[in-house]
Amino acid sequence: MRTVEITYRYGAADGVVRPRPLNADSARSRLDAGNREFAALLGGLVADTAMARRVVEVDLRDLGLDPGGHATPQQRPFAAVIGCSDARVPIELVFNEGPNDLFVIRVAGNGLGGDVLGSLKYAVEHLSGSLRLVVVLAHSGCGALTAAVDVFLEPAGYLALATQHALRNILDRQLIVVQACAKTLMATLGPDVTLRPGYREALIETSIVLNAALTAHTVQQEIGRGASSSPQAVYGVYLLQTREVWAPRAGTQESTGLAVPPADAASFRAFGEAVMKSPRIASLLRA
């Protein structure tokens, strides 16, 4: 039987504790490294009797066990994460982090509604002493984007949601992204792309990554691009199959780890073409 042991461990006051990142680049590097370690940990479970172990060191102050007393822990996350509600994406585990490291906001489809944006602005305004990064983390096979793609391909399916206003609010935001992805797929790969067996899956996955990048771009505009006190926004897609974060970029073959979103319309066009031509999407279209 394959065994996985992930232990959150705290020790004495002078124990080994990772320092908080001092800037956005070091915060992103830490999350990328944590994800690589998590993916490698589980990726090594090949044999039926394989065992994987990982220890995440926790600062005892984050559990209210300050040696000077038992004061309520102070929030000091170095990154805020807007993640999907999908239970298959354990965000702290994905990035090899522990309690009080991440300020997590979860909502179906990574939608940037009022509650999500309000929660994020709270973090930016009240946790500025430690917050360095905002991550929009989507995931492969997202149910919200899959539903939007299916409605786009078969519009009659929208009628079943006529009385489900809450679900429609989520779906309607995604349909714009799906339509943009469908147009970009045809413009980049030709109109016959819709006839390929893997077209639906490719449209789902391109919509997921474009939605994540667009949300990160919007977040950056909302929290203040270029302001010295504002955290940087980045995006990525957690791949359920490999447990790695995927984020294609324009102008480079690099696609692993978190990435900065496009800054303007021209950059988004180049980004869209890069996504459509990426090896992962090409493999889906060949399926």
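By definition, a body whose alpha carbon gyration tensor gives a ≥ b ≥ c is oblate when a/c is 1.5 or more and a/b is not larger than b/c, and segment 88-142 fits this oblate description. Mean residue ellipticity, 222 nm, helices only, the chain: the sum of -39500 (n - 2.57) across DSSP H runs of n ≥ 4, divided by residue count and rounded to 500, is -13500 deg cm²/dmol. Taken as Cα centroids, segment 198-251 and segment 122-174 sit 13 Å apart, rounded to the nearest whole angstrom. Indicate the gyration tensor shape class of segment 190-243 (rounded, prolate or oblate), computed on the Cα atoms with a ≥ b ≥ c the square roots of the eigenvalues: a/c under 1.5 is rounded; otherwise a/b larger than b/c is prolate and the rest oblate. Oblate, since a/c reaches 1.5 and b/c is not below a/b.
Working from Cα pairs under 8 Å separated by at least six residues, relative contact order for segment 1-122 is 29 percent. Please name which of 38, 153, 240 has its Cα lying farthest along the dipole of the chain towards the positive end, using unit charges on Cβ (Lys, Arg +1; Asp, Glu -1) and the Cα centre as origin. Of the options given, the answer is 153. With θ taken as phi - 60° and the Karplus curve 6.51 cos²θ - 1.76 cosθ + 1.60 applied, the whole-hertz 3J(HN,Hα) list for segment 151-159 is 5, 5, 6, 10, x, 4, x, 5, 4 Hz, x standing for glycine and proline. Quick check on segment 152-256: take the gyration tensor over C-alpha atoms, sort the square-rooted eigenvalues as a ≥ b ≥ c, and tell me if it's rounded (a/c under 1.5), prolate or oblate. Verdict is oblate for segment 152-256. Accessible area per residue was computed with a 1.4 Å probe on protein heavy atoms; residue 256 scores about 90 Å².
Less than 5 angstrom separates the built amide H of residue 106 from those of 83, all sequence-distant by 5 or more or on a different chain. Backbone phi angles across segment 247-263, fed through the Karplus curve with coefficients 6.51, -1.76 and 1.60 (θ = phi - 60°), yield HN-Hα couplings of 8, x, 10, 6, x, 8, 7, 5, 8, 9, x, 6, 9, 6, x, x, 9 Hz in residue order; Gly and Pro are listed as x. Of the residues 194, 163, 242, which exhibits the maximal mean-square fluctuation in a Gaussian network model of the chain defined by a 10 Å Cα contact cut-off? For the chain, modelled as a Gaussian network with Cα springs under 10 Å, the answer is 163. Among 168, 53, 132, the largest mean-square fluctuation in a Gaussian network model of the chain (Cα springs under 10 Å) belongs to 53.
Backbone phi angles across segment 176-192, fed through the Karplus curve with coefficients 6.51, -1.76 and 1.60 (θ = phi - 60°), yield HN-Hα couplings of 5, 5, 4, 4, 5, 5, 4, 5, 5, 4, 5, 5, 8, 10, x, x, 6 Hz in residue order; Gly and Pro are listed as x.
For residue 139, the residues whose modelled amide H falls within less than 5 Å of its own, excluding neighbours fewer than 5 places apart on the same chain, are 238.
The values are calculated or read from the model by the stated rules, or taken from the named source; none is laboratory data. These numbers were taken from a predicted model, which means no experiment stands behind them. All Cβ positions, even for glycine, are placed from backbone atoms using ideal geometry, and neighbour counts span all protein chains on display. For accessibility, only protein heavy atoms count, side chains too; no ligands or nucleic acids. Shrake-Rupley method; radii C 1.70, N 1.55, O 1.52, S 1.80 Å.
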